[in-house]
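Just below is one structure, and these are the notes that go with it.
The values are calculated or read from the model by the stated rules, or taken from the named source; none is laboratory data. Everything numeric here is computed off the predicted structure, so don't read it as measured data. Quick reminder, even Gly has a Cβ in these numbers, built from the backbone with ideal geometry, and neighbours come from all protein chains shown.
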Ligand code: ADP
């Protein structure tokens with residue numbers, strides 16, 4: 001199995017790269033943001049609850065997200081591996097993920113961290129707001145999401161760095177250029 005965490009601040013291009021990689025490597029793309037947006041669209045109890053957090057740019061409670069991830073992983077038992085996009089988003093979630101994978105006799109192999117400067121992030125997110133109608137893509141909520149990223153999500157890097165699994169990648173460039181940079185890491189012989 002090969003399990004990858006695609007990591008980075010909101011607007012760093014995780015989703016775009018995750019879709020490409022899941023196709024080229026045959027891995028399951030597991031996006032917690034996408035699962036939550038689907039729950040909101042279907043007005044499920046989880047969706048109704050999650051919306052209140054997402055609209056403010058806050059994290060949805062860990063227990064809800066953790067259960068969602070377990071369900072998605074177990075639905076895909078036998079998969080070649082997973083690309084985790086938007087999860088883990090804090091150290092609690094990282095510990096949870098490690099334990100869950102260990103119980104299934106596997107682990108995380110790479111944390112690919114997309115690095116994009118603050119001004120470029122804001123530019124991309126405001127531009128996406130014009131194209132998609134995500135209720136969390138307005139300047140105030142965007143700034144809150146970036147702040148939460150640096151306060152709560154960024155420490156996840158240290159968690160995987162200490163395991164020797166941290167791989168930073170320059171996230172500025174064309175989609176193809178960034179994809180090439182990631183593929184070079186994932187296809188390198190150990
Ligand atoms: P982005 O990375 O651009 O913020 P996502 O689609 O990954 O977009 O996430 C959108 C929102 O969904 C987050 O701001 C948060 O409210 C919620 N969310 C997604 N993944 C998680 C998670 N692992 N834990 C808690 N909340 C999450």
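A search for C-beta distances below 6 Å between a residue of the range 58-77 that is touching a residue at least 40 places away in the same chain (Cβ under 8 Å) and any residue that is surrounded by 14 or more Cβ atoms within 10 Å (Cβ to Cβ), counting only pairs 6+ apart in sequence or on different chains, returns 59/89; 72/30; 76/28.
When 21, 125 are checked against the criterion of being within 14 Å of the ligand (Cβ to nearest atom), surrounded by 16 or more Cβ atoms within 10 Å (Cβ to Cβ), part of a helix (DSSP H, G or I) and within 17 Å of the chain's Cα centre (by Cα), a single residue qualifies: 125.
Selection of the range 54-71 for residues being in a helix (DSSP H, G or I) and within 22 Å of residue 13 (Cα to Cα) yields 54, 65, 69. Inspect all residues belonging to the range 28-44 and state whether any of them is in contact with a helix residue (DSSP H, G or I) (Cβ under 7 Å, 6 or more places away or on another chain), surrounded by 22 or more Cβ atoms within 10 Å (Cβ to Cβ) and not in a helix (DSSP H, G or I). The answer is yes; a qualifying residue exists. The residue pairs whose first member lies in the range 37-57 and is under 19 Å from residue 144 (Cβ atoms), whose second member is at pLDDT below 95 and part of a helix (DSSP H, G or I), and whose beta carbons are closer than 6 Å, counting only pairs six or more residues apart or on different chains, are 57/141; 57/144; 57/145.
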